[in-house]
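Worksheet: the structure to be examined is printed underneath.
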Amino acid sequence: MDESIQQVIGQAAEEQLVARVRGEAVTSLPQDLYIPPDALEVFLETFEGPLDLLLYLIRKQNLDVLDIPIAEITRQYIEYVELMKELRLELAAEYLVMAAMLAEIKSRMLLPKPAADSEDEEDPRAELVRRLQEYERYKAAAENLDQLPRVARDVFPASAEGPVRTLVKLQPEVSLDELLAALADVLARAELFTNHQVQREALSVRERMSETLSRLDNERFVEFTALFRLEEGRLGMVVTFLAVLELVKESLIQLVQAEPFAPIYVKAAA
């Protein structure tokens, strides 16, 4: 019996409990506590402008945007504006323009139309329908963009720190072939700094032409190979050959050969 009484007392104490602050029970609100009226607001349905509200009212009743019942939509719209005036007056100002526009469209539709202009006159709702369709397209595009994956909302970059590694740099092994290749490269670069001196030739083609003419006459043939001196080397042979060619060019000597591959003889021109 005592336990049941304690349970009832405990339940009554819990019902009077307002909150717990740092583990201590608070059964009544402080007398000097001030809570601003806008401290907490819960928005179940938000509208981003008068067109958004108007589109919401049309969708809520499954109405056709191209055939809007202006009277009913205007009545519901005015009720929402009156509600906004009670909550926050500064937000209702931008909705009053749309309310005035709806009232104007309603009045234009109620006015009698002349029979002659009934076919040519544009529907008063046409401009409003165009704006609603354009706003609906932009809103659908914004919703599609919002459904794309977003960093820190749908996708979270992952990162991990790897273990610290100490790199050991091994010294390369040098082979004999690599040493020889390096030496060849050094020698090739050293050739770029060598000097070449041009000296005057010891033998002259003009002098050899005069010397050859002095050894020949116009009556006796001399074998062509006898004009060359082997002790002078390659340079002397080239100079003698050039001298013979110059003499033939100037028609100062004649070259004679009895048959193909036979010895060639030289004599001075008559």
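The values are calculated or read from the model by the stated rules, or taken from the named source; none is laboratory data. Keep in mind it's a predicted model, so treat the numbers as computed, not measured. Reconstructed Cβ throughout: ideal geometry from the backbone, glycine too, with neighbour counts over all protein chains shown.
State all residues of the stretch 223-254 that are exposed (fewer than 13 other Cβ atoms within 10 Å of the Cβ) and assigned to a loop (DSSP other than H, G, I, E, B); if no residue qualifies, say none.
Hits for the stretch 223-254 are 229, 250, 251.
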Unique match (being at pLDDT 80 or above, outside any helix (DSSP H, G or I) and of a type outside the set (Phe, Trp, Tyr)) among 220, 189 | 220
